Amino acid sequence: MKITIGIDNGTTGTVAIVGGALTYYGPVPVKDTVSHVKSKGFAKRIDRAALFSLLHQHCIGPAIPAGVDIRVYVEAPFTMPIASEAVLLGHRAFEAILCVFEDLAIPVETCMPRDWQTTQLGAAGTLPIKNVRGVAKADTKKASLLKGIALYPQLESVIRKHGDADGLLIAHHYHKKR
């Protein structure tokens, strides 16, 4: 049996587990902590213990069963010099996710958004919208939401609540490629 885990990196990201009859989709577990970089004093961080527990509950159990092939795909954190605070927080979230899978001895592959968006969102992921600065960009969140609901209608409420299905589409994309 093969299990594919897809994670949309970040403290507002999602985790999805796809394999056999198993499908899980939800937010990446986070906790509030004192911030060392934000002026507001508090920041969200990945709750490693809760992520570890979620994985044990939904796909690993007390030990990885024999014959189960688990693959993990995490979207790479973005880099942009003018958004250094957001970049730092994204990299911290990425590191926490990597540490959880390292503790489980499960290798992680990094993926770029274009790797899965091209096949999963198609032309819908390239339709232009205007951002707050009036610059056209693709409306990938809406396309992700609609595609996720089309593929996994049983998860419609959690997909709508989050606003997109990025983690789920990452898992779906790489699960089908295997």
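Mind checking which residues of the stretch 31-59 are of a type in the set (D, E, K, R), assigned to a strand (DSSP E or B) and more than 18 Å from the chain's Cα centre (by Cα)?
Asp32
Among the residues of the stretch 31-58, count how many are among the hydrophobic types (A, V, I, L, M, F, W, C), surrounded by 15 or more Cβ atoms within 10 Å (Cβ to Cβ) and modelled with pLDDT of 90 or more.
Count: 5.
Name the single residue, out of those in the stretch 1-30 being at pLDDT 90 or above and outside any strand (DSSP E or B), that is surrounded by the fewest Cβ atoms within 10 Å (Cβ to Cβ).
Ranking the qualifying residues of the stretch 1-30, first place goes to Thr12.
For the stretch 102-170, list the strands (runs of 3 or more DSSP E) that sit wholly inside it and hold at least 2 residues that are at pLDDT 90 or above, among the acidic types (Asp, Glu) and closer than 19 Å to Thr11 by Cα; which are they?
Ranges flagged: none.
For residues that are surrounded by fewer than 16 Cβ atoms within 10 Å (Cβ to Cβ), closer than 22 Å to Thr4 by Cα and hydrophobic (A, V, I, L, M, F, W, C), tally how many sit in the stretch 86-97.
Adding up the residues that qualify gives 0.
Asp69 versus (1) out of contact with any strand residue (DSSP E or B) (no Cβ under 6 Å at 6 or more places or on another chain); (2) acidic (Asp, Glu); (3) over 16 Å from Ile46 (Cβ atoms); (4) modelled with pLDDT of 70 or more: which is the lone unmet condition?
Going through the list (1) out of contact with any strand residue (DSSP E or B) (no Cβ under 6 Å at 6 or more places or on another chain); (2) acidic (Asp, Glu); (3) over 16 Å from Ile46 (Cβ atoms); (4) modelled with pLDDT of 70 or more, Asp69 breaks only (1).
Return the pair list, or none, for Cβ contacts closer than 6 Å from residues in the stretch 95-107 that are closer than 19 Å to Gly61 by Cβ to residues that are aromatic (Phe, Trp, Tyr), at least 6 apart or on different chains.
Sorted first by the residue in the stretch 95-107, then by its partner, the pairs are Val100/Phe52.
Tell me which residues, restricted to the stretch 72-85, are assigned to a loop (DSSP other than H, G, I, E, B), at pLDDT below 75 and surrounded by 12 or more Cβ atoms within 10 Å (Cβ to Cβ).
Once the filter is applied, which keeps residues that are assigned to a loop (DSSP other than H, G, I, E, B), at pLDDT below 75 and surrounded by 12 or more Cβ atoms within 10 Å (Cβ to Cβ), the stretch 72-85 yields only Phe78.
The values are calculated or read from the model by the stated rules, or taken from the named source; none is laboratory data. Computed from a predicted structure; not experimentally measured. Neighbour counts run over all protein chains shown; Cβ positions are idealised from the backbone, glycine included.
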